[in-house]
Amino acid sequence: MRQLADIVRQDNWNITTSVIRRKCANEILEVKPGNGSTPNLGLAIDVGTTTIVVYLVDMADGSVLAATAGHNRQADCGDDVINRIVCAEKNGVKKLSRMALATINSLIGEALDSAAAKADTIRNVVISGNTTMAHLLLQIEPRYIRRDPYIPTASEFPILKAGEIGIKANPIAAVFIMPGPASYVGGDIVSGILYTGFHREDPVTLFIDIGTNGEIVLGNQEC
């Protein structure tokens, strides 16, 4: 609101807004003069236990401008999620979060360099990963994921801002963390379900995610 009076007059009342669409109310993040002349980029990030993959996307047409991948630095604390959780229990939650973010931001930098783009043009970020990876990235206590009755602290996450997490993007960029329904059913396989769309189809499909931590989904539009 402090900037609005000047901005709307800079280009004869032509403005472009960045908006987060929420269930109950939308949030205006930014207002700029002109009619969408600046690039609007997005990131799709897969935070895997072993490998992290980053895609840089043009939000105007969905084209992939660059793709990078690298070894998750958290592996220094163990190869699988159980060892990562054990490491986190030893006052290591923040440490593991920093390791993941260091890998992510390094890969984002490579993608931006490849596309000759700037970080402040990134206004949308979607992150998927298994439940443990999501907890560690957000510095959420993960220890009860490996303890009976194996209940994660959170299965859904609020829409965050890149500046709140420390992701190399426009600080106001909306960050969507894919939900993880259970301790060992994470946002990575949820992303796969949404992408393939078999939950909207009649044939029963067996969907298998073969990663460091394997997950399997069986179902169709009715179950």
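Yes or no: region 202-216 includes at least one residue that is closer than 30 Å to Thr17 by Cα, within 22 Å of the chain's Cα centre (by Cα) and either of a type in the set (Gly, Ala, Ser) or in a helix (DSSP H, G or I) (or both). Outline the logic, then answer.
First, the residues of region 202-216 that are closer than 30 Å to Thr17 by Cα: none.
Among the residues of region 202-216, not one is closer than 30 Å to Thr17 by Cα, within 22 Å of the chain's Cα centre (by Cα) and either of a type in the set (Gly, Ala, Ser) or in a helix (DSSP H, G or I) (or both), which makes the answer no.
In region 5-30, which residues are hydrophobic (A, V, I, L, M, F, W, C) and modelled with pLDDT under 90? Break it down stepwise before answering.
Here is the first cut: in region 5-30, the residues hydrophobic (A, V, I, L, M, F, W, C) are 5, 7-8, 13, 15, 19-20, 24-25, 28-29.
Val19, Ile20, Cys24, Ala25, Ile28, Leu29, listed by residue number.
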- [ ] Working only within region 107-143, note down all residues that are of a type in the set (Gly, Ala, Ser) and under 24 Å from Gly186 (Cα atoms).
- [x] Ser128, Gly129, Ala134
TODO: Enumerate the pairs (first residue in region 95-117 and under 14 Å from Met133 (Cβ atoms); second residue anywhere and of a type in the set (Lys, Arg) and assigned to a helix (DSSP H, G or I)) with beta-carbon separation below 6 Å, excluding pairs fewer than 6 apart on the same chain, so at least 6 apart or on different chains.
DONE: Met99/Arg73; Thr103/Arg73
Open item on the list: Looking for something among the charged types (D, E, K, R) and either in the same structural domain as Leu107 (by TED's automatic domain parsing) or exposed (fewer than 14 other Cβ atoms within 10 Å of the Cβ) (or both) - is there at least one such residue anywhere in region 203-218?
Closed with: no
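The values are calculated or read from the model by the stated rules, or taken from the named source; none is laboratory data. Predicted model only: the values in this text are computed from it and were never measured. Cβ sites come from the backbone with ideal geometry, for glycine too, and all protein chains shown count toward neighbours.
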